[in-house]
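Accompanying notes for the structure given below.
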Amino acid sequence: MKINLPYGDGYQELVVDDAFDVEMLASGVYEGANDEDRIVIEAMAAPIGSEQLSILARRVRNAVVICSDHTRPVPSKRIIPHILSELRKGNPGIDITLLIATGMHRAPSQSELIKKFGAKIVEEEHIEIHDSKNSGRHRRIGVLPSGAELIINKIATDTDLLISEGFIEPHFFAGYSGGRKSILPGICAYETVLGNHCAAFIADSASRAGSLADNPIHRDMLAAQRIAGLSYIVNVIIDDKKRVVRAFAGSPEATHAAGCEALARKCAVKPRRLADIAITTNGGSPLDLNIYQAVKSMTAAELAAAPGAVIIALSECADGAGGDSFFRMMSECESPTALLASIERTPMEKTAEDQWQAQILARILSKHQAILVCSPPARDIARKMKLLTADSANEALDMAMGIINGGADTYIPKHITIIPNGVSVIVQL
């Protein structure tokens, strides 16, 4: 069989011999992506648990719209123009700031902003970019259930009306993306993010894709949203072509909950058996920008893989590791098992930058060999981080066959699970 797997802005063709037992795990398909703008407009016309945004705008002088950054496939061109239009419909003179929620990512470039929002918005609107390490631009506004201080961008604390855009997909430790993640980690100081992503929380069995109940990471994020006073959100669900297929607007908690419930019906998958080889991707650009992001889809493969199975991940990784601390922890450790043990002993107040991603990758590599199909510049970096590398999906499959067959020339047919977009599914066992 042949299958095209997302990779960068295109695809890689994978060819699997018919002798092998192949299982596909993919999220359900939503219909109705022909008019993305209409989907968003209709959601905003009937907000969940809230007045329309134009009415909210009448009572304020200014508004801040928290926007996703360049690492997220949020279709901002289909969301932000309608938020701006509604705000100005209700209050033509309203002062609006677009605040880019970078979390702890690097700042987007001008060209990345234009690609995300379009030249008109970048040229005409007031845009600020969050910097988690610029303490002079932050304010302490409360304490989270975990005991961590909530420190966020002053631009958000000083506005009359706080709004956010986002998209909802399974998230490998927060349960789902979207909603409250615009606040934490989106516009928080780095020390707040570190506390939320501490070793104990990452290790908690409830901190998994599709899990919100009893999830300590979600609990702190939800509290941050409430304390920050987020008033209104527009969140969308997208298809594999990054098109809006569902939209939800209104009160943050109720709106996000409705979106998560709708998504769960489409993205829950259950393998009929665990795989000897599990193949996954990050769904292509922009989520396969670096190795840091590639870990997300590996967690889906991890759940679908049998003990000792080989994991293959396709991510272009044009930006390399995606974090200096992440790279150092993985490259300098004695072994993934030793690193995992060390991280799990780390208390919240000692959490290091990118520690959570190293913790999850070390967890995966302590149980499985993993092959990363990535761009040539990223391969040396990946190998230093204890990953095997390959030029193509087919080369990686040949390597995996050799590993599980102990190097034998004759391959014994194995169970292969293919997850075309590992960040879009919730694997249930």
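Values quoted throughout were computed directly from the atomic coordinates according to the rules given, and no laboratory measurement underlies them. It should be emphasised that the depicted structure is a prediction, and the values quoted were computed from it without experimental measurement. Reconstructed Cβ throughout: ideal geometry from the backbone, glycine too, with neighbour counts over all protein chains shown.
The table below gives the values:
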item: Kirkwood-based shape ratio for the stretch 37-85, expressed as Rg/Rh from alpha carbons; result: 0.98
item: Most mobile listed residue (SER85, SER54, SER164) in the chain, GNM with C-alpha springs under 10 Å; result: SER85
item: Loop sites in the stretch 320-429: GluC sites (Glu not before Pro), DSSP, at most 14 other Cβ within 10 Å; result: GLU334
item: Long-range HN-HN contacts of VAL245 with modeled amide H, under 5 Å; result: ILE237, ILE238, ASP239
item: Most mobile listed residue (ARG265, ARG219, ARG78) in the chain, GNM with C-alpha springs under 10 Å; result: ARG265
item: Max mean-square fluctuation residue, GNM over the chain, Cα-Cα springs under 10 Å, options CYS333, CYS317, CYS188; result: CYS333
item: Using alpha-carbon coordinates, inclination of helix 393-404 to the longest axis of the chain, degrees; result: 50 degrees
item: Cα-Cα over 27 Å, subset of LYS242/LYS296; LYS133/LYS266; LYS115/LYS296; result: LYS133/LYS266
item: Rg over Rh, two decimals, the stretch 217-331 (C-alpha only, Kirkwood Rh); result: 1.03
item: Amide proton proximity set for GLU23, modelled H, under 5 Å, gap of 5+; result: ILE416, THR417, ILE418
item: The stretch 36-266: antiparallel DSSP beta bridges as a percent of all, rounded to 5; result: 40 percent
item: Stretch gain in nm, segment ASP9-ALA268, where the contour uses 0.36 nm per residue and the Cα spacing is subtracted; result: 90.7 nm
item: Between the stretch 106-143 and the stretch 206-246, the alpha-carbon center distance in angstrom; result: 20 Å
item: Cα-based equivalent ellipsoid of the chain: semi-axis lengths in Å, sorted from largest, via gyration tensor; result: 37, 24, 19
item: Residue-span extension gain [MET24 to ASP214] - 0.36 nm each, minus C-alpha spacing; result: 65.4 nm
item: Globularity index of the stretch 36-266, i.e. its alpha-carbon radius of gyration over 2.2 N^0.38 Å; result: 0.94
item: Additional length obtainable on full extension of the chain from ARG139 to ASP391, 0.36 nm per residue less Cα span; result: 86.1 nm
item: Stokes-Einstein translational diffusion, the stretch 48-174 - Kirkwood Rh over all Cα pairs, 0.890 mPa s, 25 °C, in µm²/s; result: 156 µm²/s
item: Label zone at THR346, where the point sits 7 Å out along the Cα-to-Cβ direction: the stretch 304-336 residues whose backbone N lies under 16 Å; result: 322-336
item: Expected 222 nm ellipticity per residue - DSSP helices of 4 or more, -39500 (n - 2.57), all of the chain, to 500; result: -10000 deg cm²/dmol
item: All lysines inside 20 Å of LYS120 as judged from Cα atoms, apart from same-chain residues fewer than 8 positions distant; result: LYS77, LYS89
item: Orphan Cys of the chain, criterion: no other Cys C-beta under 4.7 Å; result: CYS67, CYS188, CYS198, CYS260, CYS267, CYS333
